[in-house]
Each structure stands twice: as C-alpha cells, then as structure tokens.
Amino acid sequence: MKNIALLLVAFLFYGFSSGIEDKTYEGIAKDNKSLKFIYKEIHEELYEEGKHIRTITSFVCDRNNEFAKRELDFRNSFQKPTYRLIDNRSGLIEEVTHKGNNQFDIRYRKSTKSKLKEKSIFVPEPAIVDGGFNYFIKNNWDRILSEEQLNFNFLSVAFQDYFSFRIYRVKQKESSKNAIVLKMESQSALLRMLMNPIYISYDSESKRILKYEGISNIRDLNGSSYKALLQYPELGP
C-alpha cells in the first residue's frame, strides 16, 4: 500500500509587494512526541492594494540556515494557489499550477537521484492546494462554528492524485474560549484506520492558526514526513 503518511500536507501557508500590510511571522515545529526542535518556519505574507497575493516561507534549522523554501501565489485563486516547494538537502521539488476548470499541472521530484515526474489531473470541487486549505476554512467559518462537517479534495503532489478529507469542530479539545479546534481525517474508513487525524487550532477572533498537530510536508533526511507539533507564538497563517 502507498505510504499513507505522505498523503497529508501540513497546511502551512504561503515577492514583490507594495503593501504596508505585509506581515512576517514565525512557526516552531517540534516532534509531536518528544517535543524536540525540528525546524523553524519564517513566513513573509505579502499584500498588494490590501489583498494577500503571496506567501514565501523559509524553513531553517537550529542554526538558522535555510534548507527549504515554499512559495504560494494567490493572485488567481485563494483555495487553489500556484505552489512551489524546494528542499535543498534532498533536491525535492513540488510544483502545482492551476490551469483553470479545476485542471492542474503537477511537477514532482523526490530527490536529485529521482526522475522528474509531470502530470496533468482534474480535481473536483471543493479542490484545495496546500495553503489554500487555510482560505477554505476561513471562507466557511460560520459553517465551522455551527459544527458542520466540511468535505474537500486535497491535491497530493507526491502521489500526483487527490484524496478526499473531512474536517469538523471538536469542542471537547478546546482548552480556552479563544481556541477553535478542528479535526481533519480521511473520508475513507480504511484510511482512517491507518493514519492519525490532524488537529488544527484557530484563534476565534483573528481566524489565524495557533497550533497544528500532525504530518508535516517537510521530510527528514531519510525522506519520511515529520510528525510535528507546530506552534505560532505571536501570529499564525
């Protein structure tokens, strides 16, 4: 069976800009069990005429050396942004371009030793690409608050395919009045048995992420996705 862990991509959110609203913030990723530091994210959220157009994220190690970079371009779509991730350690490349009518071009290379794979696929609505997940939640905020279950199709670059997920509010995990906790899991009963759910905590007022618990789209030196606890001390996506 496919390596299920690679289905999930941390929904962490990604320049030229003229806006004074540009924001820079950091996220700290730790191992979900040992709480050992893994990496830090440095996000540059760029605006133009008050509209969020791009996010550029640098991934750095404990010595603040950048080892990977991600770019999201939201100018054509908030939920289906143009996406690019490069990991300099392995030579990994992930790219997605929305061509319109829910058709996507994908380019993927696992490492410098791997062949570059290219494919064009159709993803039915609601179609989500990487950090576009965050806008999907914000665009359906009232439905989330009313505890409605949301279903969506998430594009996996590694598998060059899409997978169907569901997400809903879990009040029993909300430890403060300002936190809205969401649980994300596969719509497939079989896959739910094989993978742990992802939990994302949002600030109820700003609608920005406070904490993420689950599979990361950043991989270790062996090519396996980290199981991370990602926290945003001051401002999140």
Can you tell me which residues in the range 23-41 are surrounded by 16 or more Cβ atoms within 10 Å (Cβ to Cβ) and either at pLDDT below 90 or within 29 Å of R166 (Cβ to Cβ) (or both)? Y25, G27, A29, K30, N32, I38, Y39, E41
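So that you can scan it fast, the table gives a plain yes or no per residue for (1) at pLDDT 90 or above; (2) touching a helix residue (DSSP H, G or I) at 6+ places or on another chain (Cβ under 8 Å); (3) surrounded by fewer than 14 Cβ atoms within 10 Å (Cβ to Cβ):
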| position | (1), (2), (3) |
| --- | --- |
| F163 | yes, yes, no |
| K177 | no, no, yes |
| E213 | yes, no, no |
| R219 | yes, no, no |
| L229 | yes, no, no |
| E234 | no, no, yes |
Scan of the range 165-175 for residues that are of a type in the set (S, T, Y), over 20 Å from Q231 (Cβ atoms) and modelled with pLDDT under 95, ordered by number: none
Which residues, taken from the range 179-207, are farther than 22 Å from A29 by Cβ and not acidic (D, E)? S186, Q187, S188, A189, L190, L191, R192, M193, L194, S204
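The values are calculated or read from the model by the stated rules, or taken from the named source; none is laboratory data. None of the values given here were measured: they were computed from a predicted structure. Every residue, glycine as well, gets a Cβ built from its backbone with ideal geometry; the counts of neighbours run over all protein chains shown.
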